[in-house]
Every structure is written in structure tokens, then in C-alpha cells.
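So the structure is just underneath, and the comments pick up after that.
The values are calculated or read from the model by the stated rules, or taken from the named source; none is laboratory data. This structure is a prediction, so every number in the text was calculated from the model and none was measured. Methodologically, a virtual Cβ is constructed for each residue, glycine included, from the backbone with ideal geometry; neighbour enumeration extends over all protein chains shown. Note: areas computed on protein heavy atoms with side chains; ligands, DNA, RNA excluded. Shrake-Rupley method; radii C 1.70, N 1.55, O 1.52, S 1.80 Å.
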Amino acid sequence: MANGQSSDSSALQKYGIPFYSAAWVPYKELKSKLDQARSDDKREEEESSKESDASAPADKDGDSVDEGPSTAEAQKTDGPAASEYYVVLAGGGGEGRSGIANAIVVARFDFASSALSPQPVAKLVLGSELPYRMAVHPKGDGLICAMQNSCRFFEWDEIEENETRKLDVKVSEKALDLLQDVGQQLALAYDTDSSTLAVGGEEGNLRIFKWPSMEVILNEAQAHSSVKDLCFSPDGKFLISLGSRGPGRVWDVPSAKVVASLPNGTDEVFFSCRFAQSRDNSLILYIAAITGKGGSIVTWNTSSWKRSRSKHVGRDSISSFNVSPDGRLLAIGTTQGDVVVVDSTKMGVQMVVRKAHLGFVTALAFSHDSRALVSASMDSSARVTLIKEKKSGMYNQIKANRNQTNALELEELLSVSPGL
């Protein structure tokens, strides 16, 4: 996939649903939970089998016969390997009779072939409820979606199909009573260790809960005129909230107090925020902003909560934003359907996928190892972009190494040939 060029490949798939949210399934953590659940089920079956041993067939000596696993059981293959990659997407046509389903879709991504599965691995249709926003539990418990008036929790599952176990998603029995009849929520976020959930609403209410108990930490009715985005610091101590207008706010989560305000410029509308750990382990806050000249990224010092720099990144407005888990890269989706990857240190463009989608990019998420970026769009498509090193940087390094080698060869020649 060349810089500045669009690419039609199996990394781009259309699933027939306008997407508003996208994330990677934390499959390594999830698989351990699924394996444990399968082991518990097997143990229960064995205990149940022991209770019925008296009625089992007996051999000539009176001992019960161990008939071994059934043919069907023996033929069943294990579920997907822990190293496999899945993306989860949410969206739909809304409440109207558009004929477009509202659903949660799971697709598999294969790194070897750089391909998304052409058909969903799993699809949960949600009737008239549109999952407008989504947050995936980092430890593999499931995911929460914001519907038009309430929030619902969904769990991962495994089903057997053609003697093979497949990843699936199902409605959870866990009821989020405190998030029923609360209006449209526009922002959802878990902290890194999955112990805290933050929810921000269209009406400006900000709620913070302990997870999974749903004990209320904060319920601020007018945090903003409308809450647009939320993000936790890696240690879970701070929460950043952005509104539709005006400054951002820094919340100290343990005390549930505002500790700083993040003023926007006269021509800036803050759009999205993400924390990152820099290469020297310092904590950085990035805010994507929309200005009259296009999109910009504002970097903040998290000790003083002062802005340290602002970088213009393009003429098109930003429609989605995210930061890689290793903190090296920033991803920007635009209203023109482009996907831009920026080096966080130099703030230089590393990759561009022109017209990655036909519609504006609604969601971006890096894989947990920062090797790939999933993007989604209202045009019903999802795309996975593999992260590549900037070619010009590699070329310059090769050129520098070659020049250094030539200089050493010349120095060696001069030392043995003084007359030259």
C-alpha cells in the first residue's frame, strides 16, 4: 500500500452496515477466559458422568467400560489460536425502516495474507436499537454499546459450527440499571485495567463508575454542554473530557474533582483526545482539533497541563483519531475518507491512504501490538492498514550507511597509499 495512493484489496471489506465504531478484540485475554470456561464445563460433565457410572455397561469382571470420547467429540477442533486477530464493528441504519440492520459484527484479520474475512465471523442483529458508540473491555469480558436511550453490555462466546469452535458475541445478562433511560451517550471509555468505566452523554452528563460493580464515582450533570470524547490516563488516575465547544477538562478520578482546564484556541474545536506514553516514559496528552484551516494535533504537558505544541496536519477536517499503544504513532481519519498515520515524535506524516473509504472515516483503532490499524466508515466498509516504516527514512539510513562505508574505505586507502 503506497503512500498517497488508494488500494483495493482483501484488507478492505464491506459488510452492508454503516459503521460508527471499531475496535480490536483483546483475543489473547479472551481466549484464556474461553479456555477456562470450557475446562469448567468439561469438569462438570465429568462429575455428572461419575454419578451415572452405576448405569454404565460393565465388562465380564463387572468393571464399567470406558467408551472414550465420541467420534464427534474427537473430531472437534480447538478454537482459534491466541495469536489470531479479530476486529469488532458496530453500527446500522437506525430506528427507521431503512432495511439496514443494526448490528455488532466480528471479522477476522489474517496478517499473512493481509486480509479481512469477506464474511463476518459473527453478527448479532439488534432489532431497532442502533449501537452508536462502543467500548471494548480490555481484559476480554465483553463490550458496552450506547444505544439511543440506554447502554447495553454484550459478552464474548464460542459456538460450534461444522465441528469447529468459532468466536461469537451475545447479549449479556448483566443489566446496566444506572445507564437505562439516560438519553444518547456519545462517549464510552474503560481504563487500562478495566476497573473503571466513564460515560458521557449528549445532554452533558458525565458519569464514572467502578467496574463491574457499577458503584458511582462521579455523576456530574453539566460537565459540558455535550460530552464528545473521554479518555483515561494509562494509570487510571486522570480522565480527560471534551465537550462540543469550549475547553477540555482534567478530572482526578480518585477524588472525582476537576484539577485542570485545557483551553482551546479561538479557532479551535476540540474533537478527540488520547493519552500516550513517550519513549522516555513521560505521559503525553494529544487532542485532535478542527480549525478553519483543517485539522491539527495539540500536544499537552501532563505535569503542568499546558499545551506544548500544535501541529497542522491537513486541510480536511478530522473525523476520527487514535494513538497506537506503543505511543509512536497517531492515526487520523478525515471527512474525505483518507487515513493518515503520523509519527508522534517528529509530527511528520508516515503513511497516507487516499480514499481509504468512500465516506468519512468514523472510527480508528490500532491493534494491541501496534502492527495494524483498523478504520471504519459510514459507507459500510472496514479496512485494516498494516503499519510500515517510512520509506524515505529507510532510504536515508541506507544512504548514510553507504556513505559511511565509502568514507572508511577511502580512509583505509589513504593510510596505505600516502602518495595519493
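Does region 215-231 hold any residues that are touching a strand residue (DSSP E or B) at 6+ places or on another chain (Cβ under 8 Å) and outside any strand (DSSP E or B), and which are they? Listed by number, the residues that qualify are GLU215, ALA223, HIS224, SER225, SER226. Taking the conditions exactly as written (free of Cβ contacts under 8 Å to residues at least 12 places away in the same chain and not small (Gly, Ala, Ser)), does GLU173 satisfy them or not? The answer is yes for GLU173.
Of the strands (runs of 3 or more DSSP E) that lie entirely inside region 252-333, those containing 2 or more residues that are open to solvent by 70 Å² or more (accessible area, probe 1.4 Å) span 257-262, 306-314.
Filtering region 273-308 to residues that are among the β-branched types (Val, Ile, Thr) and touching a Lys or Arg at 6+ places or on another chain (Cβ under 6 Å) leaves ILE297, VAL298, THR299. Total residues in region 232-241 satisfying the condition of being open to solvent by less than 10 Å² (accessible area, probe 1.4 Å) and in a strand (DSSP E or B): the figure is 3. For region 184-214, filtering for residues that are of a type outside the set (A, V, I, L, M, F, W, C) and assigned to a loop (DSSP other than H, G, I, E, B) leaves 12. For region 350-384, filtering for residues that are hydroxyl-bearing (Ser, Thr, Tyr) and assigned to a loop (DSSP other than H, G, I, E, B) leaves 3. Would you mention how many residues in region 82-109 are open to solvent by 10 Å² or more (accessible area, probe 1.4 Å) and either without any contact (Cβ under 8 Å) to a residue 24 or more places away in the chain or β-branched (Val, Ile, Thr) (or both)? Number satisfying all stated conditions: 5.
Considering region 335-349, the residues that are outside any loop (DSSP other than H, G, I, E, B) and open to solvent by 10 Å² or more (accessible area, probe 1.4 Å) include one that is farthest from THR291 (Cα to Cα), namely ASP343.
Within region 267-285, residues that are closer than 22 Å to HIS368 by Cβ sit with their Cβ atoms under 8 Å from residues that are part of a strand (DSSP E or B) and charged (D, E, K, R), at 6+ positions apart or across chains, in these pairs: SER272/LYS228; SER272/ASP229; CYS273/ASP229; LEU285/ARG274. Looking across region 122-137, just one residue is in contact (Cβ under 8 Å) with a residue 40 or more places away in the chain, more than 24 Å from THR192 (Cβ to Cβ) and open to solvent by less than 30 Å² (accessible area, probe 1.4 Å), and that is ALA122.
So which residues in region 138-150 are assigned to a loop (DSSP other than H, G, I, E, B) and buried (at least 19 other Cβ atoms within 10 Å of the Cβ)? Selection gives GLY140, ASP141, MET147.
Number of residues in region 202-222 that are more than 21 Å from GLY142 (Cβ to Cβ) and buried (at least 22 other Cβ atoms within 10 Å of the Cβ): the value is 1.
Yes/no matrix, rows are residues, columns are (1) closer than 15 Å to PHE19 by Cβ; (2) crowded, with 18+ Cβ neighbours inside 10 Å; (3) not hydrophobic (A, V, I, L, M, F, W, C):
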position: LYS355; (1), (2), (3): no, no, yes
position: ALA365; (1), (2), (3): yes, yes, no
position: SER375; (1), (2), (3): yes, yes, yes
position: SER381; (1), (2), (3): yes, yes, yes
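Counting only residues that are among the aliphatic types (A, V, I, L, M), within 16 Å of LYS123 (Cβ to Cβ) and crowded, with 20+ Cβ neighbours inside 10 Å, region 151-191 holds 2 of them. The set of residues in region 151-174 being over 18 Å from ILE104 (Cβ atoms) and in a loop (DSSP other than H, G, I, E, B) consists of ASN162, GLU163.
Filter region 155-186 down to the residues that are at pLDDT below 95, more than 18 Å from TYR27 (Cβ to Cβ) and not charged (D, E, K, R) and list them by number. ASN162, ALA175, listed by residue number. Among the residues of region 110-121, the ones that are in contact with a Lys or Arg (Cβ under 7 Å, 6 or more places away or on another chain) and without any contact (Cβ under 8 Å) to a residue 12 or more places away in the chain come to 0 in all.
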